[in-house]
There are 2 protein chains.
Amino acid sequence: MSDNKVVGKATPRITAFLEASGTAQYAPDIKLSGMLHAKILRSPFPHAVIKKIDVSKATKLLGVVAVITYKDVPRIAYTGEGGPPSISFTGEAERPTEAFPKDEYILDKRVRHVGDKVAAVAAVDEDTAEEALELINVEYKELPAVFDPEEAMKPGAPKIHQSEKNIAVHILNEWGDIEKGFREADYVFEGSYKTPRQVHAPMEPHGAIADYNQYSGELTVWTTTQIPFVNQRILSELLGIPMNKIRIIKTFTGGGFGGKDEILLEPICAVLSMKTGRPVRLILTREEVFIGSRTRHPATIYVKTGVKKDGTITARHVRAILNGGAYASHGPSVTAAMGSREIGLYKSPNVKFDGYCVYTNCPVAGAFRGYGNPQQTFGIEQQMDEISEKLVMDPVELRLKNTIRKGDLNPGTGMKLGSCGLQECMTKGAKKMGWMKKRKMPKYSGASKRRGYGMGIFMHNSGCVPYLPECSSSIVTVNSDGTARVLIGSTDIGQGSSTIMAQIAAEELGISLKDVSVTSADTGIVPFDQGTYGSRTTYIMGNAVMLAARDAKNQILELASKVLGRKAENLEINEGKVRVKKGNKREIPISKIIVGFQFAPKEGKIVVGKASFQPLGNAPYFGAQFMEVEVDTETGQVKVLRVVNAQDVGKAINPTAVEGQMNGTVYMGMGLALTEDQVVDEKGRSLNPNFTEYKLLSASDMPKIDLIIVEDKEPSGPFGAKGVGEGGLDPTAAALANAVYDALGVRVKQMPLLSETVYKYIVGKK
Amino acid sequence: MSDNKVVGKATPRITAFLEASGTAQYAPDIKLSGMLHAKILRSPFPHAVIKKIDVSKATKLLGVVAVITYKDVPRIAYTGEGGPPSISFTGEAERPTEAFPKDEYILDKRVRHVGDKVAAVAAVDEDTAEEALELINVEYKELPAVFDPEEAMKPGAPKIHQSEKNIAVHILNEWGDIEKGFREADYVFEGSYKTPRQVHAPMEPHGAIADYNQYSGELTVWTTTQIPFVNQRILSELLGIPMNKIRIIKTFTGGGFGGKDEILLEPICAVLSMKTGRPVRLILTREEVFIGSRTRHPATIYVKTGVKKDGTITARHVRAILNGGAYASHGPSVTAAMGSREIGLYKSPNVKFDGYCVYTNCPVAGAFRGYGNPQQTFGIEQQMDEISEKLVMDPVELRLKNTIRKGDLNPGTGMKLGSCGLQECMTKGAKKMGWMKKRKMPKYSGASKRRGYGMGIFMHNSGCVPYLPECSSSIVTVNSDGTARVLIGSTDIGQGSSTIMAQIAAEELGISLKDVSVTSADTGIVPFDQGTYGSRTTYIMGNAVMLAARDAKNQILELASKVLGRKAENLEINEGKVRVKKGNKREIPISKIIVGFQFAPKEGKIVVGKASFQPLGNAPYFGAQFMEVEVDTETGQVKVLRVVNAQDVGKAINPTAVEGQMNGTVYMGMGLALTEDQVVDEKGRSLNPNFTEYKLLSASDMPKIDLIIVEDKEPSGPFGAKGVGEGGLDPTAAALANAVYDALGVRVKQMPLLSETVYKYIVGKK
C-alpha cells in the first residue's frame, strides 16, 4: 500500500473552508419562512407527579402559537437511545429487545429528574416563548427521590420506573471458573474506583427545526444529530408518519461526543410543528444541555484480580454500578460493552463481569465517547499498577505478559484479533517517554513538588459487532468530467468523516481528492446508516465507500477494456486516466469513458457504484498512554507535564484527523481525570450547569503531547484502517492516577483528581 | 398485466397537495440570505455591434452591487441546447459535433436580435436593478438585418454567424430513388405550407438563483429547468468549475414545453454571484420570456408526393426551411428529427428530406413540444387530404393503406416497430366521430355557417435514439418500515413524471403508491440523466426505475428465501408482504426482511436497487385526430365543435396523466392552428409580447374532446408504456385545416387560421 496517493496523506478537512468562513449552516442558522421558536418548561423537582397543569394564561400571551403538555402528545413509549427496530425476525440481531427499556415519552405526567420536560411552547420568538413558560401553572405532587444507585437498589427505595430495584439492566458475563481462578492465585487484589458525571460539552448546543407540511403529510427535520436514520425511525413510530414521508437532514454539527447519539428534541419540535402547521425551531441553552440532555455514567467499579507470582492473571471479577439517572437511554448498551468487548483485554482464563445500570433521580446518562471504557479502565489499569508494585514488575512488563495479541480470541466477544499493535504501542511509548529511566529518578522536583510517571492501556472496538450486527452502505457516482460524488449516511460531527470517505473514494477510483464531493446524512438522499458512534465510521462506512468506489471503477474499466482491447483486470486508473497495468503509455481520461458509457450506442449506462458492508468482527484498536505529572504536596494540585499517546489505528487514512482524535481524547480524558464533574445536590439540582463552574480544561492547561501512530494493518479494514475516535481517553485518567501514585505513593481511586481530593488523600496517608 | 395494482390506475399527482396548497417552492419562492436581484439589459436593435458601453453611472447607483458586460464574462462559446459533451471517443454517439454550432456567449459584443442580452445588473432589489439598466450607456453600430430565412440564404444577405448563407444546419436524408418514384407515379402533388412563431407560454416564467461560495468554490443553482445535468456540464465548461462542485437543483416548475430545455439564465446568474459573493436571483418578466427565451421554429414546408391511382405512395420529397432566429439552439436537432424519425410514417419506397435551419435576426427558436413534427405534419397531412380527394378515397382508407405498421422498419431511422396502434387509433377514432356518416352530411349549419370534418395522424418518438443514444438511471432504496424512495434525474415540469415513476416503483416492488417517495432532479443527489424532453421520460426513465425497483425487490426476496425456505424465484411481494407464489398463506412483511438485511449477523446489507437503461429504439407512439369545425363564411371565423383524439401510448401507466397530455396537446395544437403567432415587424421588434395581444386559447374556446386511449403494448417499454406528451399536437392543425377545407372547399396552407386569413382565402376562391 506504499503507493497510496491520497490515503495516508495528511489532509485538511474538505469542509474547512465552509466552517472557517462562517458559511457552514449549523442548526441555529436555518431560517424558514413563518418559523416559530420553542422553549421547554422543565421540572424543578427530582421526582414528582403533575397533579394539575394549566396552560391557559400562557396560551393567551400575544405571540404564543401553541403550548403542549403530556395531554397533547401520543402516549407511546420509546428510548432516546433508539433501541432495535421493534420487530422479531429469524435473522435479527442477537440483542434482546428487553435490554432496551422504553421508558420515555415525548412529554409525561410524571417527572423524574430536575430538568425533566414538563411542557413546551411555540411562539413567534424565543423571548415570548420564555415568558410563556412562566405563565404555565403546574401543581406537582412531590415523590421521594433517590440519587445514589446503590441506595436505589435497596428494598424500599423510591421506584422510578417499573424495574425491580430500579435496575434498568443487569449484565452478567462469565467464562472459566472464577472461584477456581482466585484459589489458584498467589495474590488477590481488590479495590473500588469512582468516576464522575462528565458532560459532553460540545461547542454547539443541541438544536432542531421541524417543518411538517400538513398538505403533503411530509415532515422535514433539520437537526444537529449523530443518528439521522434512527431519528427517522423513532419519529415514524411516535407520530405514525411512514418513513418515506420523514426527511431528517443533519446540519453542520459542532461536536457530538455521544451527546447527539440520542432522540432528544426532534419529537417535541415535530409535535409543535404538526400542531401549528409552521416550522418550529428549538435550540437548547447551555444550562439545558447540562440538565436536560445526557451525561457520562457516574460509576463505581469494583475490581478483584488474582495473579500468580510471575504476574500471570488467573482470575478477574469486575462489578460495575452505573448511575443511569432518570431514564435508561444507552445505559444497557454501555454496561454490555464493558462486560463483553472491553473485559477481554487481559487474557485471564477466568472472568466474571457483573454490571448494573441503575435508575436514580439524577440527570440522564447516555452515550459518551468511551462508552463505559474510561470508567472501567480507571479501575482496572490502577489495579494493574498495584499488582506490578506488589510483584516488583515493571507495569509495562506486566501488561506485555497478560494482554491479548494478534490471532487471540477476545473471550468477551468470541472474536479473533486480525490485528493488534498494542505491544508495539507499549514499547514505543515507553521508549519515547524514557520510561525505564524516568521511573527510577528521584520524585522531588522542588520544595513541595513531586514528579511521577504512570501509564495505562486500552482496547476499544471499531463498531458494535456482535452486540449490534450493524452495516453501512454507500453510493458512488462519477460525473462526466471524471469527478465523483459519494453518498453516505455517516454524520460528520466535526471529526472529519466526510474527508476520510472522500480520501477512500479518491484512492480507490484513482482520482484526486479535490475531485470527490460527499453528500451525507440526509435521509431523503442517502442509503440507510445507523449513524456515527462507537468508532465505527472509518472501519465500517470506510469499507462500504471503498467497495462502492471499486464497483464504480470496475464499471469504468469494463468499458475501457473495449477501447483498449485489454481485459478489465489488466487495467487501472491513475490520476484520472485509465491505463494498462505495467503496460504501454496509452492513457484515456475517465471522463471520456464516462461519456462513452452515457452516450455510446448499445452501451448507455450511468456509472453508479454501490456497496453494503457488514463487518464480521469489531476490529479493536489499541493504545498505551504514558504520563509525567507534577503534584504539589501542599495543595494537592496535579499538573500534567507531558503525555505520550501511542495508538494502533490499523492505518491512518488521514494522519491529520487521527492526530486530532489522539490529542482530543487525551484532552477529554484529562478533563475527566482532573476537573470535570456535574455536581448534583441532595435535592437533585445541578450545582454547576455552566462553563464558569463546570471546569473544562483550556489550552493553557494542556501539556506537550507526543503522538505515536502505530499501524498494524487490520485485514478487514479499508486500506487496513480501524477506529480511532474514542479509545485515547479510556486510559488517560488511570495513567494520570498511576503517575500521581508514582509521585506521592498515594492512590486516588476517585475522579476527578481535584486539588482538594488529592490533598485529602495526602493528609489521609499521613 | 391485468393484475397490476398501481400501474394503469388513474392516480392524482403525488405532488398535488404541495402544488394546490401553495407550499410547493418554485424558483421565485427561493429566498436566500443576502440575495441580490438581477436584471438584463436587452438590445433594441436586431443586429448591431456594441461600439462603447459605459456602466459607470449604473455601478454608482445606490443598491447596485455589480454590472457585467461582455468584458466581464469568459469568452467561451456554447449552445443553449447543450450539445454533445465535447469529447471524441471510439464509442461516442453518432451525431457530429459540427451539427451543434456553438454560437452563443454569456454576453457578447455583438447583438443579433431585438431582446438579445447586452449587460446584466445585480442589485439589492428588482426596482434598483431596473433603474440601473437605464443608466447603462451603450453606443451601437447598427448592422443590416434579415428576418426571412429564404432571404437570409441568398448571396449578399447580412451574415449573422460564420456559417455560409446563414445556414445553421442542412440535413439531407434520402432513400430509394426519388426521381424514379415520381416517374412511376400516376399523380404528383405539390404544395407549400407555412407555420407561425408559437411561444411556449409556460405559466411560470424562467427563473434561476445562483449561489457561489467563494470559500469552498461550490456553486449551487436553483432553476426552473428541464435539464439540470446539462446545466451542470455547461456551467462547468463555461466557468471552469469541476462538476462535483456544481449543484443544480430543479425547483418546482410551472410548465416547460421545451422552453426550459435550454441554458438561458444560469450562466449570467452564476457570473454575477461569483462576482458579488452573494446569491443572485434572476426571474424573467413575461415580455422577456417572449423576446429573450425561445420560440417554436416558424417554417415553410414544401411537400411533393407521387401516388399511384390505387393510392400507393411512390415518392415523397419534403423540403423544410426553418427560421432559427439569431442562434442555432435546438434548430439542428429539430431539423434532423423531422428528416429521420418522422419522415418514415408513410411507407414510401423513395424519400428525400432536405431541411435547412437558417439564422435570421429574429427571436431565437429552440426546442418546443412537437420538435418540428407539428410543422411538417401541417404540410404532409394536408397533402394527404388533397390526394384522397383527387383519388376519391376516404382519407382514413388512404392512410391505412400507406402507413407504417408493427414489425415494419422505419426507414428514416432503420428501426423496427415493436408496437403500433396507429391503425386502431384511426378506425376507433373514425367510429367515435361518426366519420363515414358525417363526412357525407350537408355542410350548411346556419345562414353563413358551414360545418366540416377533417383528420390527421402522427408518429412521434419516445426519446431520441438513434440521434442521441441516451440513457437513464435510477436508485431505489427501501426503508426499514417497508416504504421506499426513488432517486431519479428526471424533471417533473408539471407533466407528472414523479407520479409515474412512483407508480412504476410501487408496482414492481409490490407496495402501495403512498409508500413511495421520489427525489428528483438535483445533481447533488441523483445519478445522471439527460433531462425531460422528447417524450422520453416514461419510456426510458420508466424502464430504469422498473429495473432498479426489481433489483431492490430481488435483494429482498433473496433474504426472504432463507426465511421461507423457498427459492427466491418462487417468491413474490404482494401488498408489502413476501409470499410464496401460488403457495401457502405464510406472509412476511418486507419491513421485517429489510431490518433482517440491516441487522442480521452475517447478512448486514442495505436494500439499494439501481439500474441504467438505454433503449435500442425510440418506440414511436401514434395517434389519429378527428375534428368537427364550423366556419363562418362571412367572417372567416373557425370554431372547433368537437375533437376525437385517439392515441396509442403502449400502456397508460397513469390514465389521468395520459388524458392530461392528450387534452393538453390538442389545446396547444389548436392554439397553434388558430391564434398563436409572435409577430415580428420589419425592424425585428416583437409586436405582441404579452398575453393581451398574443392570443392563447381559453377554456371557453375549447370544444368537447373525446379521448381514446389505445394500448398496443411496447415490448421494450416499462409495463408496455411508451411516450405521450407531444404527439397529440402534431396533427391538430392539419386536421383542423382539413376540416375547414371540408366545410368550405378552401385549403388554408398557412397557420394560424385567423379569421382574416381564412376570410382572405374565401374571398380568393370566389
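Laid out as a table, the results:
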item	result
Wholly within the stretch B:220-302, helices (runs of 4 or more DSSP H) carrying at least 3 residues that are assigned by TED's automatic domain parsing to the domain that holds residue B:127 and charged (D, E, K, R)	B:286-292
Condition check for residue A:209: assigned to a strand (DSSP E or B), within 30 Å of residue A:267 (Cβ to Cβ) and at pLDDT below 95	no
Which listed residue, of A:98, A:94, is at pLDDT below 90 and in a helix (DSSP H, G or I)	A:98
Boolean, residue B:489 is within 10 Å of chain A (Cβ to nearest Cβ) and either free of Cβ contacts under 8 Å to residues at least 12 places away in the same chain or under 19 Å from the mean Cα position of the chain (by Cα) (or both)	yes
Only listed residue being among the small types (Gly, Ala, Ser) and over 19 Å from residue A:465 (Cα atoms), chosen from A:565, A:542	A:565
Residue A:656 vs. criteria over 20 Å from residue A:424 (Cα atoms) and in a loop (DSSP other than H, G, I, E, B)	no
Residue in the stretch B:613-631 that is polar (S, T, N, Q), closer than 14 Å to residue B:478 by Cβ and at pLDDT 90 or above present	no
Residue satisfying all of: in the stretch B:9-56; within 14 Å of chain A (Cβ to nearest Cβ) and of a type in the set (A, V, I, L, M); nearest to residue B:71 (Cα to Cα) among these	B:35
Residues of the stretch A:433-472 that turn out to be more than 14 Å from chain B (Cβ to nearest Cβ) and touching a helix residue (DSSP H, G or I) at 6+ places or on another chain (Cβ under 8 Å), as a count	17
Residue tally, condition of a type in the set (Gly, Ala, Ser) and either free of Cβ contacts under 8 Å to residues at least 40 places away in the same chain or not in a loop (DSSP other than H, G, I, E, B) (or both), over the stretch A:615-630	2
Out of B:148, B:186, B:127, sole residue that is of a type outside the set (S, T, N, Q), surrounded by fewer than 18 Cβ atoms within 10 Å (Cβ to Cβ), outside the structural domain of residue B:729 (by TED's automatic domain parsing) and free of Cβ contacts under 8 Å to residues at least 12 places away in the same chain	B:127
Residue identified as over 30 Å from residue B:486 (Cβ atoms) and in a loop (DSSP other than H, G, I, E, B) among A:436, A:441	A:441
The stretch A:437-465, subset of a type in the set (A, V, I, L, M) and at pLDDT 95 or above, residue nearest to residue A:715 (Cα to Cα)	A:459
Test: residue in the stretch B:574-585 that is without any contact (Cβ under 8 Å) to a residue 12 or more places away in the chain and within 11 Å of chain A (Cβ to nearest Cβ)	no
Lone qualifier among A:191, A:277 - being within 14 Å of chain B (Cβ to nearest Cβ), surrounded by fewer than 24 Cβ atoms within 10 Å (Cβ to Cβ) and over 20 Å from residue A:531 (Cβ atoms)	A:277
Breaking point among (1) in contact with a Phe, Trp or Tyr (Cβ under 6 Å, 6 or more places away or on another chain); (2) buried (at least 24 other Cβ atoms within 10 Å of the Cβ), for residue B:250	(1)
Which numbered condition residue B:563 fails, given (1) surrounded by fewer than 22 Cβ atoms within 10 Å (Cβ to Cβ); (2) aliphatic (A, V, I, L, M); (3) more than 10 Å from every other protein chain (Cβ to nearest Cβ)	(3)
Selection within the stretch A:586-614 - surrounded by fewer than 19 Cβ atoms within 10 Å (Cβ to Cβ), in a strand (DSSP E or B) and either within 12 Å of another protein chain (Cβ to nearest Cβ) or within 36 Å of the chain's Cα centre (by Cα) (or both)	A:589
Pairs where the first residue, in the stretch B:685-702, is more than 12 Å from residue B:671 (Cβ to Cβ) and the second is of a type in the set (S, T, N, Q) and crowded, with 16+ Cβ neighbours inside 10 Å, C-beta under 9 Å, 6+ apart	B:686/B:678; B:687/B:678; B:688/B:678; B:689/B:678
Filter pass, residue B:742 being charged (D, E, K, R) and in contact (Cβ under 8 Å) with a residue 12 or more places away in the chain	yes
Where residue A:745 falls short, out of the listed (1) within 23 Å of the chain's Cα centre (by Cα); (2) within 24 Å of residue A:439 (Cα to Cα)	(1)
Residue check for residue B:526: of a type in the set (A, V, I, L, M, F, W, C), within 27 Å of residue A:241 (Cβ to Cβ), within 12 Å of another protein chain (Cβ to nearest Cβ) and out of contact with any helix residue (DSSP H, G or I) (no Cβ under 8 Å at 6 or more places or on another chain)	yes
Residue within the stretch B:667-674 that is in contact (Cβ under 8 Å) with a residue 40 or more places away in the chain, of a type outside the set (D, E, K, R), surrounded by 20 or more Cβ atoms within 10 Å (Cβ to Cβ) and outside any helix (DSSP H, G or I) present	no
Qualifying residues in the stretch A:512-523 (those that are within 10 Å of chain B (Cβ to nearest Cβ) and not in a loop (DSSP other than H, G, I, E, B)) - the one nearest to residue A:249 (Cα to Cα)	A:522
Residue list for the stretch A:695-752, restricted to those being touching an Asp or Glu at 6+ places or on another chain (Cβ under 9 Å) and under 20 Å from residue A:634 (Cα atoms)	A:737, A:738, A:739, A:741, A:742, A:743, A:747, A:751, A:752
Residue match in the stretch A:209-217 (condition: touching a residue at least 24 places away in the same chain (Cβ under 8 Å), crowded, with 17+ Cβ neighbours inside 10 Å and within 30 Å of residue A:390 (Cβ to Cβ))	no
Which numbered condition residue A:546 fails, given (1) out of contact with any Ser or Thr (no Cβ under 7 Å at 6 or more places or on another chain); (2) touching a residue at least 40 places away in the same chain (Cβ under 8 Å); (3) within 13 Å of chain B (Cβ to nearest Cβ)	(3)
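Residues checked against (1) over 30 Å from residue A:112 (Cα atoms); (2) in contact with a strand residue (DSSP E or B) (Cβ under 9 Å, 6 or more places away or on another chain):
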position: A:648; (1), (2): yes, yes
position: A:653; (1), (2): yes, no
position: A:658; (1), (2): yes, yes
position: A:662; (1), (2): yes, yes
position: A:673; (1), (2): no, yes
position: A:680; (1), (2): no, yes
position: A:684; (1), (2): no, no
position: A:690; (1), (2): no, no
position: A:695; (1), (2): no, no
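The values are calculated or read from the model by the stated rules, or taken from the named source; none is laboratory data. If you're wondering where the values come from, they're calculated on a predicted model, not measured in any experiment. In this analysis, Cβ positions are derived from the backbone assuming ideal geometry, glycine residues included, and neighbour counts consider all displayed protein chains.
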